[in-house]
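Report on the structure given below.
The values are calculated or read from the model by the stated rules, or taken from the named source; none is laboratory data. Just so it is clear, the model here is predicted, and its values are computed rather than measured. Here the Cβ positions follow ideal geometry from the backbone for every residue, glycine too, while neighbour counts run over all protein chains shown.
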Amino acid sequence: MKDNTRHPLRHAHMDRQKAEEVPDTPQTRAPAYRLAFTDDDFMCRPETRPARLQLELLKPELLLDEAGITSTIVLFGGARIPEPAKKDTARTETLAELSRFYDETREFARLMTLKSMESNGTEDVIVTGGGPGVMEAGNRGAIDAGGHSIGLNIVLPFEQAPNEYVTPELCFNFHYFAIRKMHFLMRARAICVFPGGFGTMDELFESLTLIQTGRMERVPFLLFGRAFWEKIINWDALADAGTISAEDLDLFRFVETAQEAVDLIENWEPAAARDKVPGR
């Protein structure tokens with residue numbers, strides 16, 4: 001990325017290049033001599049964690065701003081859900097049955113991307129975690145519509161790579177889960193959650209908690225697959241126990257199909273963030 005700011009001082013990239021051309025001496029080989037912002041060992045020290053957190057927040061923010069993206073449609077869902085053509089490779093019969101949500105995700109992303117392209121692809125852009133399964137389907141649907149989409153990947157201990165459908169210039173990689181989660185929600189116009197495991201439920205409940213507590217405006221919050229979610233989570237039991245309020249069950253809706261989700265988003269009544277938590 002070029003720095004187009006006009007000022008009389010030398011740019012950082014100029015000195016970075018010049019620093020690589022210095023004579024090879026004991027002094028220039030010493031770690032202390034490295035420019036701080038080009039010194040990987042220094043940047044990975046525990047003491048520089050605040051700087052790393054700031055950089056992970058700043059880099060995607062700048063690039064998304066430069067791309068003109070003003071709002072996103074967030075897709076959360078399981079990495080293990082295969083596309084229907086490959087459901088025979090699923091680890092369990094249930095995963096094979098859930099493969100229909102791959103197609104629903106793909107179709108939903110296609111429909112939303114077509115609408116996004118009416119605003120030059122700057123509004124309601126699909127964003128996923130950039131991985132396989134439901135995430136792949138979301139990015140793939142955007143490609144089907146001839147549009148672009150965002151992938152927010154995270155470094156994991158095992159081998160992984162972004163799915164091939166993420167728009168390359170909008171494909172990001174994170175070290176910190178917390179900063180990644182912020183980027184999921186900072187531009188969110190709607191949150192759509194498909195069947196998944198620990199990661200999906202973590203993202204579901206964190207996002208729902210922000211809305212429940214008034215830390216985030218109410219946006220369309222859609223759970224695909226009522227049968228799956230009601231089997232996994234006893235929502236009514238939470239309300240009956242009083243650990244959540246009955247009103248909290250109105251913060252989200254169940255949907256089954258891509259078109260149903262699109263219609264709900266289009267007709268969702270805007271609502272301000274809560275100023276109190278019901279039941280407290």
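Annotations
- Filtered residue count, segment 168-183, keeping only those that are assigned to a helix (DSSP H, G or I) and either of a type in the set (Val, Ile, Thr) or in contact with a helix residue (DSSP H, G or I) (Cβ under 7 Å, 6 or more places away or on another chain) (or both): 4
- In segment 25-42, the residues that are over 17 Å from His13 (Cα atoms) reach residues that are among the charged types (D, E, K, R) with C-beta atoms within less than 8 angstrom, at least six apart or across chains, in these pairs: Pro31/Asp39; Pro31/Asp41; Phe42/Arg34.
- Boolean, Glu47 is loosely packed, with under 14 Cβ neighbours inside 10 Å and either under 26 Å from Asp15 (Cβ atoms) or in contact (Cβ under 8 Å) with a residue 24 or more places away in the chain (or both): yes
- If you filter segment 98-112 down to residues that are more than 27 Å from Phe174 (Cα to Cα) and free of Cβ contacts under 8 Å to residues at least 40 places away in the same chain, you find that the one that is surrounded by the most Cβ atoms within 10 Å (Cβ to Cβ) is Ser99.
- Residue match in segment 139-146 (condition: over 19 Å from the mean Cα position of the chain (by Cα) and not small (Gly, Ala, Ser)): yes
- Screening segment 50-61 for residues that are among the hydrophobic types (A, V, I, L, M, F, W, C) and over 21 Å from Asp15 (Cβ atoms) and picking the one that is farthest from the chain's Cα centre (by Cα) gives Leu53.
- Residue within segment 83-97 that is hydroxyl-bearing (Ser, Thr, Tyr) and in contact (Cβ under 8 Å) with a residue 24 or more places away in the chain present: no
- Residue in segment 249-256 that is surrounded by 13 or more Cβ atoms within 10 Å (Cβ to Cβ), closer than 28 Å to Gly133 by Cα, β-branched (Val, Ile, Thr) and touching a Gly at 6+ places or on another chain (Cβ under 9 Å) present: yes
- Selection status of Thr122, closer than 17 Å to Leu223 by Cα, in contact (Cβ under 8 Å) with a residue 24 or more places away in the chain and polar (S, T, N, Q): no
- Residue check: Glu56 meets all listed conditions (1) touching a strand residue (DSSP E or B) at 6+ places or on another chain (Cβ under 9 Å); (2) within 30 Å of Glu266 (Cβ to Cβ); (3) in a helix (DSSP H, G or I) but one, namely (2).
- Residue that is surrounded by the most Cβ atoms within 10 Å (Cβ to Cβ) [pool: residues in segment 113-167 that are of a type in the set (A, V, I, L, M, F, W, C) and in a loop (DSSP other than H, G, I, E, B)]: Val166
- Pairs where the first residue, in segment 173-189, is closer than 15 Å to Arg52 by Cα and modelled with pLDDT of 95 or more and the second is of a type outside the set (Phe, Trp, Tyr) and part of a loop (DSSP other than H, G, I, E, B), C-beta under 9 Å, 6+ apart: Asn173/Gly130; Asn173/Val155; Asn173/Pro162; Phe174/Val155; His175/Val155; Arg180/Gly129
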